[in-house]
Every structure is written in structure tokens, then in C-alpha cells.
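Participant: The structure under discussion is supplied below as C-alpha cells; questions concerning it will follow.
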Amino acid sequence: HLELNEGLETIGTGAFLSCTNLGGKLVIPSTVKEIQQANEWNDYGAFEYTALTEVEFKNSNAELQIGNCTFKECKQLETVTLPARLKRIGCRAFQNCTNLKNVVFESGNNNLQIDKYAFYATAVPQMIFPLNTTSIGSYAFGECASLEKVTFNEGLETIGSAAFVNCKNLVGDIVIPSTVTEIGGGYTYD
């Protein structure tokens with residue numbers, strides 16, 4: 001269990017990279033505004049390759065951005081609780097978190113942006129997008145073989161290309177909200 005101190009505002013790129021003994025629950029304080037942006041191809045995320053099993057973000061009025069690759073390759077991560085103050089989930093933020101089954105969004109109004117590959121190859125069985133989600137990036141939920149149900153929110157504007165590619169268990173009716181103005185085409189590597 002690791003609970004970072006209140007007053008902390010920024011967590012740097014690669015701060016806890018490959019701390020393979022860092023496991024259990026991580027609590028991010030309400031004062032954190034940014035987990036810094038890694039370059040999606042070359043740099044490492046703040047908690048990449050750790051053994052965390054649960055992450056909880058404390059809520060406040062301060063907007064929050066989760067940078068690229070923040071929890072990428074956290075193979076033991078199972079549960080993430082995301083606060084209402086969340087504005088952006090960076091690309092590859094939870095990519096290859098192959099045991100991530102529970103993603104809980106607290107409601108908010110921050111025009112949430114979910115970037116490309118954000119939850120690529122995770123084990124989420126269902127995704128209920130919070131009311132404040134405005135965009136879902138390309139491949140954001142690609143290769144999520146366990147994904148069976150998706151519920152989009154009114155207010156959603158864009159769904160990127162191949163956002164749900166190879167989600168082979170995704171079945172049933174999917175309702176596209178009236179606010180969606182763009183759905184991406186086939187395969188792109190943007």
C-alpha cells in the first residue's frame with residue numbers, strides 16, 4: 001500500500017518505473033494535477049512495470065491529467081477508481097494491463113478525453129462511459145477480448161478509428177448517442 005502525501009501536485013515521467021516490488025494499492029492525493037506526459041514511443045510512464053493491484057485517485061476541484069503510458073504494462077493491476085476531476089487519460093495509459101477488470105468512473109463535467117490505446121489489451125468486461133466523456137481515441141479499447149458490453153454517454157462527440165477492434169465478445173445492442181459527429185474509419189496508425 002502506498003499513499004502519496006497531500007500537497008503533491010505533479011508526478012514525473014518514470015518516477016516509479018520498474019519498481020517491481022511496488023504492489024498493492026496506490027492512493028493518489030487530491031492535490032495531484034498531473035502525472036507527467038511520457039513520449040508515447042520512447043519514454044516510460046510514472047508507474048510502468050510496477051506490481052500495483054489497485055489505484056485510487058482522491059477527488060477535489062483540481063483538474064487531473066493522466067499522462068501517456070502512466071500505468072502501461074502493470075500486469076497485476078485489477079481495479080482503478082477515476083475521479084470526477086479527470087480531464088484526460090493519455091495514450092497507452094493502461095495499455096497491456098492484462099488483469100485490469102474494474103474501471104470505475106466517478107461522475108463529473110470535465111469534458112473527459114480518452115486518448116488512443118488508453119485501455120488497449122485490458123480485461124475490462126464492460127465499459128460504462130461517464131456523462132462527461134467527449135472523445136474516445138483510436139484503438140482505445142482494441143484487443144479487449146473480455147469486453148462484452150459498452151454504454152456510451154450523451155455528449156460523446158468522437159469515436160476514433162478501430163476504437164474497439166478485435167473485441168470479439170462485444171455483443172448486443174450498442175446505442176450511438178445523438179451527439180456523436182465522427183466515427184473513425186478502418187485501420188490507421190495515428
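The values are calculated or read from the model by the stated rules, or taken from the named source; none is laboratory data. These numbers were taken from a predicted model, which means no experiment stands behind them. Because the Cβ atoms are built from the backbone with ideal geometry, glycine has one as well, and the counts that use them run over all protein chains shown. Quick note on the areas: whole protein, heavy atoms, side chains included, nothing else; ligands and nucleic acids left out. Shrake-Rupley method; radii C 1.70, N 1.55, O 1.52, S 1.80 Å.
Participant: For Rg and Dmax of the Cα atoms in Å, the choices are [x] 14.5, 44; [y] 18.7, 58; [z] 15.5, 46; which was calculated from the structure?
Facilitator: [z]
Participant: Could you grab the relative contact order for region 76-139? Cα pairs under 8 Å, six or more apart, rounded to a whole percent. Don't skip to the answer; put the middle values down first.
Facilitator: Numbers: 152 pairs, mean separation 23.4, N = 64.
Worked out over region 76-139, it gives 37 percent.
Participant: Give, as a single signed number, the net charge of other residues whose beta carbon lies under 11 Å from the beta carbon of Phe47, with Lys and Arg counted +1 and Asp and Glu -1. Before the final figure, lay out each step's value.
Facilitator: Details: positive: Lys72; negative: Glu48, Glu73.
That sum, taken over residues with Cβ under 11 Å, equals -1.
Participant: Ok, one more. Contact order normalised by length for the chain, with contacts defined as Cα pairs under 8 Å and 6 or more residues apart; what percent is it? Intermediate results must be reported in sequence, preceding the final value.
Facilitator: Numbers: 622 pairs, mean separation 24.8, N = 190.
Answer for the chain is 13 percent.
Participant: While we're looking at this one, here's another question. Stretched out fully, how many nm does the piece from Thr134 to Thr20 gain, at 0.36 nm a residue minus the Cα gap?
Facilitator: Here the answer is 37.6 nm.
Participant: Let me ask another. Given a Förster radius of 35 Å and the C-beta distance between His1 and Asn166 as r, what FRET efficiency does 1/(1 + (r/R0)^6) yield to the nearest 0.05? Can you show the working numbers first?
Facilitator: Details: r = 35 Å, r/R0 = 1.00.
That pair, His1 with Asn166, gives E of 0.50.
Participant: Determine the per residue accessible area of the chain with all protein chains present and a 1.4 angstrom probe, expressed in square angstrom. Could you put the intermediate results ahead of the total?
Facilitator: On the way: 8580 Å² over 190 residues.
The answer is 45 Å² per residue.
Participant: Which value, in debye to the nearest 20, describes the size of the charge dipole of region 42-93 about its Cα centre when Lys and Arg Cβ atoms bear +1, Asp and Glu Cβ atoms bear -1, and nothing else is charged?
Facilitator: Working: 7 positive and 7 negative charges, 42 e Å.
It works out to roughly 200 debye.
Participant: Now for a separate question. With the full set of protein chains in place, find how many percent of the accessible area of the chain is carbon and sulfur; take the probe as 1.4 Å.
Facilitator: On the way: 3920 of 8580 Å².
So the carbon and sulfur contribution to the accessible surface is 46 percent.
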